[in-house]
Amino acid sequence: MTEHNDIDHVSGKATTGHQWDGIKELNTPLPRWWVITFYITIVWAIGYWIVYPAWPMLRSHTTGILHYSSRAEVAVELANLEKIRGDKMVALGAAPLAEIEKDPALLALARARGKTVFGDNCAPCHGSGAAGAKGYPNLNDDDWLWGGTLDQILQTIQYGARSGHAKTHESAMLAFGKEGVLKRDQIVTVANYVRSLSGLPTSPGYDASAGAKIFADNCTACHGDAGKGNQELGAPNLTDKIWLYGSDEATLVETITNGRAGVMPAWVGRLDPSTIKALAVYVHSLGGGK
Amino acid sequence: MNKPVNPIELQFEDDGPLYAARKKVYPQSVSGTFRRIKWGLMAFCLGVYYLLPFVRWNRGLGAPDQAVLVDLPNSRFYFFFIELWPQEVYYFTGLLILAAIALFLMNSVGGRIWCGYLCPQTVWTDLFYAVERFVEGDRRERMRKDVAGGSFTPRRVAELALKHSIWLLIAWWTGGAWVLYFNDAPTLVKQLATFQAPMLAYIWIAILTATTYVLAGFMREQVCVYMCPWPRIQAALTDEWALNVTYKYDRGEKRTSLKKANELRALGEQVGDCIDCYQCVAVCPTGIDIRDGAQLDCIQCGLCIDACDTVMTKIGRETRLIGYDNDINIHRRQAGKPPIYRIVRPRTITYVCMIVGVGAIMLYALLTRTLLDVNVLHDRNPVAVKLSDGSIRNAYTVRLLNKRGFDRVIAIDIDGPHNATIHVVGVDSVTPDRPAIILGRDQTTELRVLVTAPAENNSEKSVPIRFRVTDIGLGEVASTTDNFVTP
């Protein structure tokens, strides 16, 4: 501010006395209400500092007299969410398993819930899209070790396979080589026979009748006379195109020599019943369910 | 010469340089062409605003029958025969673009005529001024009463109470009309009257009552001068052909009183038509002197034209000493040439073409808008699954939209790989070969659709697949394409 009586001759208005390149700055002050509003915002900001958390300190921060915390607010909202979900999950738990897929609302709920829970609990082994991996079944296809109906899937999720639970699926592929039941060349022969069951090519010079004999003597008890498997025992179908561990000769030789005993944990007690139900419906709806 | 002054001292001076006190404006009542246009447009704008929520539009049983309705809970917007879904907000983008170009066009033709005639701030302020005039009297009376502000006689208190009551009533009704656009108006009116309406409705009415009361009752021209960005933008957009409210100084200078002008004229001296009566200043709602030339505070309402015309008629001189004109014509007249008006010029033609273009695009989009829609999302994890018999299956998430107001039976077909079969999770037991579902009215449904192709045609990595959904009753068809992938 300057002390002056400088009046601009053209506009008749006072100037601030500032000059740039001969151009003078007119004194055009702010409106009073504008200035008052500006002061009010300053007062408002000070009030904000006092009421809400505002100032970072060395190790913490000022909490404000309201002790507001966005984290606490989120916790309350999450609790409310759980409550809302709770009612719906009760409806899901009460519905008969076979009815859920027929009711679009329940199906949508089960699929949404199932997908989330699958991501948290099942994805580490089966993959986030349930496509599986070597030794971990693909749940999108139609080949099932322990059965693909809704009830069978529910049973498997609840009690697992070789999980140690009293009601678990229990079976073992014998280690025919390690136990000394079959010799190395017999194993190679029967591996070629197994490949021929599903139409895969066999090694030159392989004796088909010997393979059939070894298979009939050792494998039919679990895999059946035709090699179609047995879901009661978790014995895979050897005539289809899907192989849990791989179908090449070396893998088959390894399987027959050392046996296989994959483990699926039991989820009963770790997940609540309606969540397990949702999971069963989700897995069934992936497309392979019977 | 520059002696430092303590700024604190300056703050306490009423007219100190830190801020300017508002000079209260007392616009005088005026009658004439532009005043009549303003009354007409005010009646039209307010009429539309206050009455539109009560206009009904039959959309069939169960659908809202309010012609204009913003249905936030169900995320729908209804405008007469149009019903918009959230994913169709681009129509609003189109409307905003149209509004902007229309504003540019108005500006290139008649300057800030939007400000003077149609802007809500102008319309409501004008209404509030009318109330003020009705209760407190015209300019001189109001000025006198304000100067004698200290003497609050019972009559004056009653006047002020009446004025503010009417203002608040108008403001309250303005806020009330606003909320009626967001719910069924007759129902909401009943709820509001019986205090059953949602809290949010009362809060919004309170907010809009307060803003209307403050902006139209107190802020008035300050909104136009200090708050509104349009004067600044307008100044950059205008050109020399735009018709602005202009004081035609070519026939106005030099100004002097009527008596003196007649004396000077008798002596053969050059005198203007302006007799310095200040009527144009007295009627101006922003309190400016138009004779200073085009300025930021002028909202181009034309009331000064009416005031000046009245005076010119009285003193027997030609009207429109102030009128919608431009500097080019002033100079042409000074040079003895007839004025020319160019409404049609490249700028206005461009704006009209843009309006027609955007309007045509919107109309096309509206007319070709589908009422049955299908979107498909291919499962990416896994993209394809090999089944035990060697066949390949792809999974898709198919989303169906039924924008009609009734339930429909929708069948889903595919044109894809040879001999491919389709299966929809949850509906297999009804029609396995051609799955059909019931799609609720005004709803979207998400389906998990599995497509299986036999092993025979697994040679190609990826083949196109088309999903076709058919309304079995109406025959309406929608389709979309995706790919069928082999691992």
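Values computed for the structure shown
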read-out: Among the residues listed as A:ALA166, A:ALA175, the single one being assigned to a loop (DSSP other than H, G, I, E, B) and either of a type in the set (Asp, Glu) or in contact with a Gly (Cβ under 6 Å, 6 or more places away or on another chain) (or both); value: A:ALA175
read-out: Matching residues, the stretch B:309-320, being of a type in the set (A, V, I, L, M, F, W, C) and either under 35 Å from the mean Cα position of the chain (by Cα) or surrounded by fewer than 17 Cβ atoms within 10 Å (Cβ to Cβ) (or both); value: B:ILE315
read-out: B:ASP413 loosely packed, with under 14 Cβ neighbours inside 10 Å and not β-branched (Val, Ile, Thr); value: no
read-out: Residue that is nearest to the other protein chains (Cβ to nearest Cβ) [pool: residues in the stretch A:215-241 that are in contact (Cβ under 8 Å) with a residue 60 or more places away in the chain and open to solvent by 30 Å² or more (accessible area, probe 1.4 Å)]; value: A:ASN237
read-out: Count of residues meeting criterion [open to solvent by less than 40 Å² (accessible area, probe 1.4 Å), within 12 Å of chain B (Cβ to nearest Cβ) and either of a type in the set (A, V, I, L, M) or not in a helix (DSSP H, G or I) (or both)] in the stretch A:96-136; value: 11
read-out: Selection within the stretch B:359-381 - open to solvent by less than 20 Å² (accessible area, probe 1.4 Å) and at the interface with chain A (Cβ under 7 Å from one of its Cβ atoms); value: none
read-out: B:ASP250, sole failed condition from (1) at pLDDT 95 or above; (2) touching a helix residue (DSSP H, G or I) at 6+ places or on another chain (Cβ under 6 Å); value: (1)
read-out: Condition met for B:ASP389 (more than 29 Å from B:ASP65 (Cβ to Cβ), touching a residue at least 60 places away in the same chain (Cβ under 8 Å) and in contact with a His (Cβ under 7 Å, 6 or more places away or on another chain)); value: no
read-out: Any chance A:ASP21 is acidic (Asp, Glu) and within 14 Å of chain B (Cβ to nearest Cβ); value: no
read-out: Residue that is least open to solvent (accessible area, probe 1.4 Å) [pool: residues in the stretch B:321-335 that are under 17 Å from B:VAL271 (Cα atoms) and either basic (Lys, Arg) or assigned to a loop (DSSP other than H, G, I, E, B) (or both)]; value: B:LEU321
read-out: Options B:ALA43, B:ALA63; residue that is open to solvent by 30 Å² or more (accessible area, probe 1.4 Å) and either among the polar types (S, T, N, Q) or assigned to a helix (DSSP H, G or I) (or both); value: B:ALA43
read-out: Of all residues making up the stretch B:382-403, the number that are within 11 Å of chain A (Cβ to nearest Cβ) and closer than 17 Å to A:LEU286 by Cα; value: 14
read-out: So B:ARG265, is it assigned to a helix (DSSP H, G or I) and more than 22 Å from the chain's Cα centre (by Cα); value: yes
read-out: Count of the stretch A:137-151 residues which are more than 10 Å from chain B (Cβ to nearest Cβ) and either open to solvent by less than 20 Å² (accessible area, probe 1.4 Å) or within 21 Å of the chain's Cα centre (by Cα) (or both); value: 4
read-out: Unique match (being within 29 Å of B:LYS24 (Cα to Cα) and assigned to a helix (DSSP H, G or I)) among B:ARG232, B:ARG255; value: B:ARG232
read-out: Matching entry among B:LYS38, B:LYS23 (being assigned to a loop (DSSP other than H, G, I, E, B) and either of a type in the set (D, E, K, R) or under 17 Å from the mean Cα position of the chain (by Cα) (or both)); value: B:LYS23
read-out: Test: A:LEU92 is touching a residue at least 40 places away in the same chain (Cβ under 8 Å), in contact with a Ser or Thr (Cβ under 6 Å, 6 or more places away or on another chain) and either aliphatic (A, V, I, L, M) or part of a helix (DSSP H, G or I) (or both); value: yes
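Residues checked against (1) in contact (Cβ under 8 Å) with a residue 12 or more places away in the chain; (2) assigned to a helix (DSSP H, G or I); (3) more than 25 Å from B:VAL352 (Cβ to Cβ):
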| residue | (1), (2), (3) |
| --- | --- |
| B:LEU96 | no, yes, no |
| B:PHE104 | yes, yes, no |
| B:TRP114 | yes, yes, no |
| B:ASP146 | yes, yes, yes |
| B:SER151 | no, no, yes |
| B:ILE166 | yes, yes, yes |
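Every residue, every condition in (1) among the β-branched types (Val, Ile, Thr); (2) under 30 Å from A:PHE118 (Cβ atoms), yes or no:
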| residue | (1), (2) |
| --- | --- |
| A:VAL188 | yes, no |
| A:LEU200 | no, no |
| A:ALA210 | no, no |
| A:ILE214 | yes, no |
| A:ASN218 | no, no |
| A:GLY234 | no, yes |
| A:LEU252 | no, no |
| A:ALA266 | no, yes |
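The values are calculated or read from the model by the stated rules, or taken from the named source; none is laboratory data. Since this is a predicted model, take the numbers as computed values, not measurements. Here Cβ is always computed from backbone atoms with ideal geometry, including for glycine, and neighbour counts include all displayed protein chains. Calculation scope for accessible area: heavy atoms of the full protein, side chains included, ligands and nucleic acids excluded. Shrake-Rupley method; radii C 1.70, N 1.55, O 1.52, S 1.80 Å.
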